[in-house]
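Asks: Here it is, the structure, as structure tokens.
The values are calculated or read from the model by the stated rules, or taken from the named source; none is laboratory data. Just so it is clear, the model here is predicted, and its values are computed rather than measured. Reconstructed Cβ throughout: ideal geometry from the backbone, glycine too, with neighbour counts over all protein chains shown.
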Ligand code: MLT
């Protein structure tokens, strides 16, 4: 009989969002009348249609595929040059940041890349992960065998957790001890906190001093509204030597179902061999992509490229403004309901302290049963998320306003 990967057996519960879906389904089956008025503010999934510029480009690309002269088969695994060029120019060089076209790797999602990046890293790295955190960073390290078992609080042996609390504004300082790989997400999922320039400078300085690698997830950068908050880790001098950045079209372009993202691997980012030799990670990632991936479909990449046209950019801005408008409505309502609220200013998530006495899943059950609204329990993002819950602003305006009313009507 074949052997299985026993590291998967250390993962106690199912992945957070399927677990929420399971509970919501059970609720719907038990209360069909309530299920009809259910509003989902759980998983951060967009609700508004794709920008018209994208839709037109997708149609055009389908027509391209229908004609022999413009038909495409396999594309470059790392993305078509025209998309990589548009990304590097618009997202980086136009903002004064040095990123070459061939340092952009187009993919089918940041979630996939955040997990896949472990393919090119060694197994003996000391991994630091914020808590609460997007569960993918932890779970993929568990799956890769980089941890021991979880304790009663769900914390895995071998991971260096960086607590994100009200006291530190949900942005941790670099640890006193040495770690090798650090996951940072800003603006943050789930807390909505965005790291300031001095905070990111401290992380880059730490990484450079310790030869550490920063895995910087900037999937929500389009939601930054406060001036001065960095949109990219490469705004920090020295980051090209120590950081890989993950970006996504999911949350700004509405591509959660369309699937397109990119990862920036500067050629100057080095890691070392067991024998102490420094080598660039860029060729390893290229090798990984060309071996394990066949590229994002031509049609989808054409859609993504349309996000960079003048109309596309305007339409993306309108989408982001729409969701940020929802966030403002939710923040105001939750505050008026007497709840302590964070986030929602530079991110599409609001992070709410559950009234005292309520654990995260208890708050989840109460809001589901009494308000018929699905949120995400903070404890699902890590032990420091216990006692909080996350409300996603990805919704129609009418739904956001209705959720606001229901949150205000809820008696704790
Ligand atoms: C979330 O709700 O945390 C995100 O939608 C998950 C994801 O982007 O994969």
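Asks: Can you tell me how many residues within the range 109-123 are over 17 Å from residue 242 (Cα atoms) and in contact with a helix residue (DSSP H, G or I) (Cβ under 6 Å, 6 or more places away or on another chain)?
Replies: 3
Asks: Checking the condition assigned to a helix (DSSP H, G or I), assigned by TED's automatic domain parsing to the domain that holds residue 322, in contact (Cβ under 8 Å) with a residue 12 or more places away in the chain and within 10 Å of residue 39 (Cβ to Cβ), which residue from 399, 395 passes?
Replies: 399
Asks: Regarding residue 148, is this residue within 19 Å of residue 6 (Cβ to Cβ) and either touching a strand residue (DSSP E or B) at 6+ places or on another chain (Cβ under 8 Å) or assigned by TED's automatic domain parsing to the domain that holds residue 105 (or both)?
Replies: Considered against the rule, which asks whether it is within 19 Å of residue 6 (Cβ to Cβ) and either touching a strand residue (DSSP E or B) at 6+ places or on another chain (Cβ under 8 Å) or assigned by TED's automatic domain parsing to the domain that holds residue 105 (or both), residue 148 comes out as yes.
Asks: For the range 64-79, does any single residue satisfy the condition of being assigned by TED's automatic domain parsing to the domain that holds residue 399, more than 16 Å from the ligand (Cβ to nearest atom) and in a helix (DSSP H, G or I)?
Replies: No, the conditions are met nowhere in the range 64-79.
Asks: Next question. Can you tell me which residues in the range 1-16 are at pLDDT 85 or above and part of a loop (DSSP other than H, G, I, E, B)?
Replies: 1, 2, 3, 4, 5, 11
Asks: When you scan the range 344-358, do you find a residue that is surrounded by fewer than 19 Cβ atoms within 10 Å (Cβ to Cβ) and assigned to a helix (DSSP H, G or I), even just one?
Replies: no
Asks: Let me ask something else. For the range 215-329, which fully contained strands (runs of 3 or more DSSP E) count at least 3 residues that are out of contact with any helix residue (DSSP H, G or I) (no Cβ under 9 Å at 6 or more places or on another chain)?
Replies: 278-280
Asks: For the range 60-72, state whether one or more residues are closer than 25 Å to residue 135 by Cβ and over 21 Å from the mean Cα position of the chain (by Cα).
Replies: Checked the range 60-72: no residue is closer than 25 Å to residue 135 by Cβ and over 21 Å from the mean Cα position of the chain (by Cα).
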